[in-house]
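What follows is one structure encoded as structure tokens, with my remarks underneath.
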Amino acid sequence: MSYTYDPENIFAKILRGEIPNDTVLETEHALAFRDIMPQAPVHVLVIPKGAYVNYDHFAQEASDAEIIGFNRMIGQVCRMENVSPGDGDTGYRLIANAGADGVQDVPHLHVHILGGRGLGRMLNPA
Ligand code: DGP
């Protein structure tokens with residue numbers, strides 16, 4: 001499997017500092033920022049800094065350090081945004097859309113962290 005990454009996608013521009021963002025957290029390997037069209041009171045996107053199109057691309061080609069850094073940031077943001085049920089808060093949902101069926105609009109891996117309200121069942125009926 002080979003993956004093609006478009007360096008002109010909007011999140012690549014955010015990572016290069018060409019477009020502003022509302023940063024929640026930044027580390028060596030990952031960036032978390034608020035979604036421009038929030039669908040819940042908490043709606044944060046977490047992206048790796050490397051050029052990965054989607055989750056399976058990342059899982060196949062990222063280094064162990066990138067994978068650990070990305071995943072640790074997701075957990076950290078859940079705690080920072082006070083949605084971690086382990087901390088007595090009300091919970092969250094992680095979504096990583098990929099490709100056409102996943103309705104992925106931005107072709108740079110991102111995990112949506114959604115919370116702060118009841119989110120309903122996982123999928124709408126097709
Ligand atoms: P997806 O369908 O999973 O690819 O969702 C892409 C999300 O990215 C969508 O919720 C809106 C958000 N988004 C798109 N452009 C920008 C932007 O320029 N800044 C920020 N913060 N979010 C954006």
Would you check which residues across segment 93-126 are modelled with pLDDT under 95 and at positive phi and list them?
Gly120
Scanning segment 82-92 for residues that are modelled with pLDDT of 95 or more and surrounded by fewer than 17 Cβ atoms within 10 Å (Cβ to Cβ), the one farthest from Leu114 (Cα to Cα) turns out to be Asn82
Name the pairs: first residue in segment 71-96 and touching a residue at least 24 places away in the same chain (Cβ under 8 Å), second residue in a helix (DSSP H, G or I), Cβ to Cβ under 7 Å, at least 6 apart or on different chains?
Gly91/Pro85; Tyr92/Cys78; Ala96/Tyr55
Residues located in segment 1-57, provided they are over 19 Å from Phe70 (Cα atoms), more than 14 Å from the ligand (Cβ to nearest atom) and among the β-branched types (Val, Ile, Thr):
Thr4
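Can you pull out every residue in segment 115-126 that is surrounded by 16 or more Cβ atoms within 10 Å (Cβ to Cβ) and either near the ligand (Cβ under 10 Å from one of its atoms) or over 22 Å from Pro48 (Cα atoms) (or both)? Walk me through it before giving the result.
Just the residues of segment 115-126 that are surrounded by 16 or more Cβ atoms within 10 Å (Cβ to Cβ), to begin with: 115-116.
Within segment 115-126, Gly116 is the sole residue that qualifies.
The values are calculated or read from the model by the stated rules, or taken from the named source; none is laboratory data. Owing to the predicted nature of the structure, the values given are computational and were not obtained by experimental measurement. Note that we place each Cβ from the backbone using ideal geometry, even for glycine, and neighbour counts take in every protein chain shown.
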